[in-house]
1. Set the Förster distance to 35 Å, then compute FRET efficiency between E6 and Q68 from the Cβ-Cβ distance, nearest 0.05.
2. Compare the peptides 129-135, 48-54 by average per-residue count of other Cβ atoms within 10 angstrom and give them in order, highest first.
3. Work out Dmax and Rg for region 1-67 from the C-alpha atoms and quote the Rg first, both in angstrom.
4. Take the Cα radius of gyration of the chain and divide it by 2.2 N^0.38 Å, with N its residue count; two decimals is plenty.
5. What distance in nm separates the simple spin-label points at Q211 and T185, each placed 7 Å from Cα in the Cβ direction?
6. So for region 88-133, considering every pair of alpha-carbon atoms, how many percent are separated by more than 13 Å?
7. Quick check on region 1-116: take the gyration tensor over C-alpha atoms, sort the square-rooted eigenvalues as a ≥ b ≥ c, and tell me if it's rounded (a/c under 1.5), prolate or oblate.
8. Quick one: with all protein chains in place, what share of the accessible area of the chain is carbon or sulfur, to the nearest percent (1.4 Å probe)?
Amino acid sequence: MPTLDELRRAAYKTDLVLSRRLMRNTGLPERDALIQTLERHGIPLMELLAQRAQARADEASRKAARKQQKDAVLAQKQAREQAEKTDASIWLAWFDGSARPNPGKIGIGGVLRNPNGTLFELCTAAGQGDSNQAEYLALIAILEMAVQLQAAPLLVYGDSRVVIDSLRSDSHAGRLSDYHAQAQTLLARLPDVTLRWIPRRRNSVADALSQRACAISENQRFSL
């Protein structure tokens, strides 16, 4: 006969709930209550336990395969990004826009790095609006800088899904459509540019610059 631990492992959440109710109503020990509950499925108990053990093993195998696939994709992504960052011919850029409060005063920040490692910094207040407008304005400003410096090939990082995804798909309507069009015009002037989303924690420098910009009133500042 199965042990109590084997019965617990085989029981689903609803089985456990029903068995506890049976224990309260009848005073049965937990093991006996679990056996009675599981037997209600109409399958011989040992066969049911074997089926559920196999189902757990199959799910564990699928979970391990998903994790392995996810780890492989992540490793490939990290390797690609590292290769890009160490490419002696590529320009890199990061942008971020903030609104304080949201909507509120906009600050935009960004960094453009040439292949020699020289940094061009953007930190400026940009009027009033919400966070999505701020993100677009930050990208537009960093692209204007890239056009001015003839930055190519260029890889641009940002943590705004709204901006990155809409420009990749070349579709945006509503109140952001004008910003979208400005960004597309600038992208068309750059011969080799790639936009890539990154999580906010990996965009800390541009984020700090945009936050700082929210607290300043000057129109625009670029520094080497």
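1. In this case the efficiency is close to 0.75.
2. Highest to lowest by the protection proxy: 129-135, 48-54.
3. Over region 1-67's Cα set, Rg and Dmax evaluate to 13.3, 44 Å.
4. 1.65
5. Output for this residue pair reads 3.4 nm.
6. So the portion of pairs separated by more than 13 Å is 57 percent.
7. It is oblate, given that a/c is not under 1.5 and a/b is not larger than b/c.
8. 52
The values are calculated or read from the model by the stated rules, or taken from the named source; none is laboratory data. Keep in mind that this is a model prediction, so the values were computed, not measured. As a convention, Cβ positions derive from the backbone with ideal geometry for all residues, glycine included, and neighbour counts pool all protein chains shown. Remember, those area values only see protein heavy atoms, side chains included, never the ligands or the DNA or RNA. Shrake-Rupley method; radii C 1.70, N 1.55, O 1.52, S 1.80 Å.
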